[in-house]
1. To the nearest 500 deg cm²/dmol, what mean residue ellipticity at 222 nm is calculated for the chain from DSSP H runs of n ≥ 4 alone, each contributing -39,500 (n - 2.57), summed and divided by the residues?
2. What's the center-to-center distance, using Cα atoms, between the range 364-406 and the range 221-246 in Å?
3. Rolling a 1.4 angstrom probe over the protein chains, ignoring ligands and nucleic acids, what is the accessible area of residue 305 in square angstrom, nearest 10?
4. Say the dipole of the chain comes from +1 at the beta carbon of Lys and Arg and -1 at that of Asp and Glu; which of 46, 374, 447 then lies farthest toward its positive end?
5. Could you give the DSSP H helices of the chain that reach 20 angstrom or more along their long axis (alpha carbon positions) and whose average Kyte-Doolittle hydropathy is no lower than 1.0?
6. With labels modelled as points extended 7 Å from the Cα through the Cβ direction, what inter-label distance (nm, one decimal) is found for residue 147 paired with residue 278?
7. Once fully extended, how much extra length lies between residue 90 and residue 118, figured as 0.36 nm per residue of separation less the alpha-carbon to alpha-carbon distance?
8. If contacts are Cα pairs under 8 angstrom and at least 6 residues apart, what is the relative contact order of the range 399-448 in percent?
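The values are calculated or read from the model by the stated rules, or taken from the named source; none is laboratory data. As the structure is a prediction and not an experimental result, all values here were calculated from the model. Please note: Cβ atoms are built from the backbone with ideal geometry, for glycine as well, and neighbour counts cover all protein chains shown. When the accessible area is computed, the model is the full protein with side chains, heavy atoms only, and any ligands, DNA or RNA have been set aside. Shrake-Rupley method; radii C 1.70, N 1.55, O 1.52, S 1.80 Å.
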Amino acid sequence: MSMIVRRLARAATAGLVAAAALTAAAHSAEAADTLGSAAAGQGRYFGTAVAASHLGEADYTATLDREFSSVTPENEMKWDATEPGRGTFTFTSADRIVDHARSEGMDVRGHTLVWHSQLPSWVGSLGASDLRTAMNNHINGLMGHYKGEIHSWDVVNEAFQDGGSGARRSSPFQDKLGDGFIEEAFRTARAADPAAKLCYNDYNTDGVNAKSNAVYNMVKDFKSRGVPIDCVGFQSHFNGNSPVPSDYRQNLQRFADLGVDVQITELDIEGSGSAQAADYTKVVGACLAVSRCTGMTVWGVTDTYSWRSSGTPLLFDGNYNEKPAYDAVLAALGGAGGPGEPGDPGDGAVSCTATYTRTADWSSGYNGQVTITAGGEPISSWTATVTLPAQQTVSSLWNGTPTRSGDVMTVRPSWNGTLAAGASTSFGFTVAKNGSDAAPTVGACTAS
Ligand code: XIL
């Protein structure tokens, strides 16, 4: 279904059947001012990982529904969540996500069927014969329940070791069933839902290296022997230790040349500002340069709920403001807008975030630091609030101008109000504990 059709279906589902609403929905799809619609213009999906527990939060769900065309349950389809006891399947949380996605016209990626992690202990205690039966039963249980509703399944996740050996990772499946477990899982999966694309998914396979070579050789072997496999997922969790590889596109292309689709399945890039934005641009550019790269998924909606939240690796900050990385992705997808251009929903809206850390600690006091980071537009001033536990008093504060009212200290800049888009400054303060070691609460940052 095209994005426009999906958006119309979405508007209709929401009861917005008036012609004006349908026109508006079609118009916004044409303007390609969201990640999903811009990616659709390139023939790709743009997805995010979703946690069922946040679907009741208005900002979270509004951002999800507006921007993304595919969802991956972050944890809810894993073995520990779906079959905690042998033969006892629970789909409540995963169903919430799938139902939500369907009602919004979004596609769903299935993650994941056979993985060494988030695996209940009963699986590891089975002998080989029972384990084989249990593995196939698990695949059939999950894929049967969601038959026809999942565009791509991560059938096997992370079966290869890190490091230079290219060897298989030790797991109950590998250790008891041997190399053939992957092939068996894919054959079972094909029969369970013939319409779903079947993917092998892994990390540290984004560039050409020993691990990606091992996966490459497996896929090549599967293709030559007719073992059913349709796609390879590249998790793409990047940070300073694991940067976006310079041969990313080349690596995606060599897999595509084996006759499989490639998908970027769990993208997140630690960092901020223009450096982070530039890395996102590289990733999107690599996918768009490979015709069989069918879509991208970021591993969460907002930095706050990221599994690596301290690295602020996603496209929306804790207040659901679009970060420079968002603008970069939208621009790379050929979307309307980009920084400072008309048509970008966040255009011209100044914003900032405030994050707190305790930088020193002693028995009677501590030093706190609040880092202020501008959003996707430059700012000329900011205001942050710090609420202190009742007993505590501030003995000094630097790089900021405080005013205090009761327990709430409002801090404005001293010399450091002007920030470029994505740039940061910080203020610090020394607190006398007076018997309370509790942390202060830092409120939302406002910018002008
Ligand atoms: C992570 C989730 O994001 C966390 O919430 C959970 O605690 C651990 O798993 N590779 C994968 C994903 O395939 O399933 C992982 O997701 C991240 C690494």
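1. -10000 deg cm²/dmol
2. 44 Å
3. It works out to around 80 Å².
4. Most positive-ward Cα: 46.
5. None clear 20 Å together with a mean of 1.0.
6. Placing both labels 7 Å beyond Cα along the Cβ direction yields 5.2 nm.
7. Stretched out fully, the residue 90 to residue 118 stretch lengthens by 8.6 nm.
8. It rounds to 28 percent for the range 399-448.
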